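The structure appears right after this line, and notes come after that.
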Amino acid sequence: MTKLERVRAAVAGRPVDHPPFSVWYHFGLQHAPAERTAQAHLEFFEAYDLDWLKVMNDYSYPMPPGLETLREARDLAQLTPLDLGRTPLGEQLRALELLAGELRGRALVVDTVFNAWNTLRRNVVKEAMGPLMRDHPADLEAALAIVNENLTRYAQAALERGAAGIFFSVPATEESVTREQFERFMRPYDLALLEALRGRGELHVLHAHGNRLHLDRLLDYPVHALSWADRDAGPSLAEMRARTGLPLMGGIGHADFAYTSAAAVRAEVRDAVARAGREKLFLAPGCALATYTFPELIRAARDEARR
């Protein structure tokens, strides 16, 4: 099978010659132009002969003009619709366009998108997210709506530039939000973004990020596959196979991958296939690998996936 045939068969639940394999890590190029980012991803794809490419998205969502720190509820009102091409996200869109062009007809390119709650926390309000959820929920909801609309337009632009889908990172976990906070500040915006993409793209992946997931409230998200840290946090692939009909993405532990022997890595791959079956399975880490991971370990995982 070709890479495209293999990935599409895995999404559809058809037989595969082997489960599609991919890995990813952060390249640290958020300061660099799109051409350099695209080249690093392409070299990574070729070096490990991946079945599909997850594009890391480390360019920043911009702060409102004139602000370096945003702590007060009144500051949230300065978040506005973005001209994406004039922000760092424009570099990411350009990188996607370059990668999609290079890999057209060979492999699918999937962009990474952090959900509105996480984008606002990681890039803008930082440690103020907790107090804002507690003390200014209405102001926060208005800000999330603006950010989510910008991210929705961004995701649509990514598809227009050749991405086959988005790898949608959602920290729906007790470490980040309570169940009530998830229902109010995360899930409605996630679903609105994904609904805006319905019918477009062929590999949208929900990445449930974290350890103590509100997993039962994620299984109805309209995506093509589900990614989570099955080895490092759980539940296992076998447990999830019984809970959802979605294709599953995982099987390889990420937290200690760089310190795991090749034999143990190969054993994880064999165990994943034994527990989840060959169909509707994408062999991948539960989250990003360490950037200092030795190539021999990645190649061992890839070679075992193809046995």
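Projecting the Cα atoms of Val269, Ser227, Thr244 onto the charge dipole of the range 3-305 (Cβ charges, centred on the Cα centre) puts Thr244 farthest toward the positive pole. Between Arg278 and Glu160, the contour length at 0.36 nm per residue exceeds the alpha carbon distance by 39.3 nm.
With contacts taken as Cα pairs under 8 Å at a separation of at least 6 residues, the chain carries a relative contact order of 21 percent. Converting phi to 3J(HN,Hα) with the Karplus coefficients 6.51, -1.76 and 1.60 and the offset θ = phi - 60°, the range 211-220 yields 9, 10, 7, 7, 5, 4, 9, 10, 6, 9 Hz in sequence order, with x at every glycine or proline.
Modelled this way, with points 7 Å down the Cα-to-C-beta line, the labels at His31 and Thr244 are 3.7 nm from one another. Put simply, when 86-92, 154-160 are sorted by average Cβ atoms within 10 angstrom per residue, most first, you get 154-160, 86-92. Potential lengthening of the chain between Arg104 and Arg306 amounts to 70.4 nm, from the contour at 0.36 nm per residue minus the alpha-carbon distance. Roughly how far apart, in whole Å, are the Cα centres of the range 26-65 and the range 249-277? Cα centroid of the range 26-65 versus Cα centroid of the range 249-277: 25 Å apart.
Residues whose amide H falls under 5 Å from that of Phe167, counting only those 5 or more places apart or on a different chain, are Asp111, Thr112, Val113, Val205, with hydrogens built in the peptide plane. Taking a point 7 angstrom from the Cα of Tyr292 along the C-beta vector, which residues in the range 26-65 have backbone N less than 20 Å away? Flagged as within label range: 26-30. Counted by Cβ distance under 14 Å from Glu97, the other residues give a net charge of -2, where Lys and Arg count +1 and Asp and Glu count -1. Straight-line cross-link reach from Lys280 at under 18 Å between alpha-carbon atoms covers these aspartates and glutamates, not counting any fewer than eight positions away in the same chain: Glu5, Asp17, Asp51, Glu202, Asp220, Asp230, Glu239, Glu268, Asp271, Glu304. Distance distribution P(r), the range 3-305, all Cα-Cα pairs, bin width 10 angstrom from 0: 6, 28, 36, 23, 7, 0 percent.
Neighbour counts of other C-beta atoms within 10 Å: give me Phe182, Phe294 arranged from fewest to most.
On the way: Phe182 23, Phe294 12.
Going from least to most buried by this count: Phe294, Phe182.
Suppose a student asked you for the relative contact order of the range 25-167, using Cα pairs under 8 Å spaced at least 6 residues apart; what percent would you report? Averaging sequence separation for qualifying contacts and normalising by length gives 32 percent for the range 25-167. At full extension, Glu175 and Asp135 could sit 12.5 nm farther apart than now, given 0.36 nm per residue minus the alpha carbon distance.
When a/c reaches 1.5 or more, the comparison of a/b and b/c decides; with that in mind, is the range 128-261 rounded, prolate or oblate per its Cα gyration tensor?
Details: a/c = 1.82, a/b = 1.21, b/c = 1.51.
Oblate.
Just in the range 92-149: which trypsin sites (Lys or Arg not before Pro) are loop by DSSP and have at most 13 other Cβ atoms within 10 Å? Show your work: numbers first, answer last.
Numbers: sites: Arg94, Arg104, Arg106, Arg121, Arg122, Lys126, Arg134; in loops: Arg104, Arg106.
For trypsin sites (Lys or Arg not before Pro) across the range 92-149 that sit outside H, G, I, E and B with at most 13 neighbouring Cβ atoms in 10 Å, the list reads Arg104, Arg106.
For the range 203-307, averaging the sequence separation of C-alpha pairs within contact (under 8 Å, six or more residues apart) and dividing by the residue count gives a relative contact order of 26 percent.
Of all the C-alpha pairs in the range 188-296, what % are more than 16 Å from each other? Working shown, then result.
On the way: 3474 of 5886 pairs.
The calculated P(r) of the range 188-296 puts 59 percent of pairs beyond 16 Å.
3J(HN,Hα) couplings calculated from phi for the range 124-132 with the Karplus curve 6.51 cos²θ - 1.76 cosθ + 1.60 (θ = phi - 60°) are, in sequence order, 10, 8, 6, 6, 7, 4, x, x, 5 Hz; Gly and Pro show x.
Given the DSSP H assignment, sum -39500 (n - 2.57) over each helix run of at least 4 residues in the chain and divide by its residue total; what's the result at 222 nm in deg cm²/dmol, nearest 500? Let's see the in-between values first.
Numbers: 12 runs with 130 residues, N = 307.
Using -39500 (n - 2.57) per qualifying helix, the result is -13000 deg cm²/dmol.
In order along the range 64-80, phi translates into HN-Hα couplings of x, x, x, 10, 10, 10, 10, 10, 8, 4, 5, 5, 4, 5, 7, 6, 9 Hz, rounded to whole numbers, per the Karplus curve 6.51 cos²θ - 1.76 cosθ + 1.60 with θ = phi - 60° and x for Gly and Pro.
Read-outs throughout are calculated quantities, based only on the coordinates presented, and are distinct from any laboratory measurement. The shown structure was predicted, so the numbers you read here are calculated from the model rather than taken from an experiment. Glycine gets a Cβ as well: all are built from the backbone with ideal geometry, and neighbour counts include every protein chain shown.
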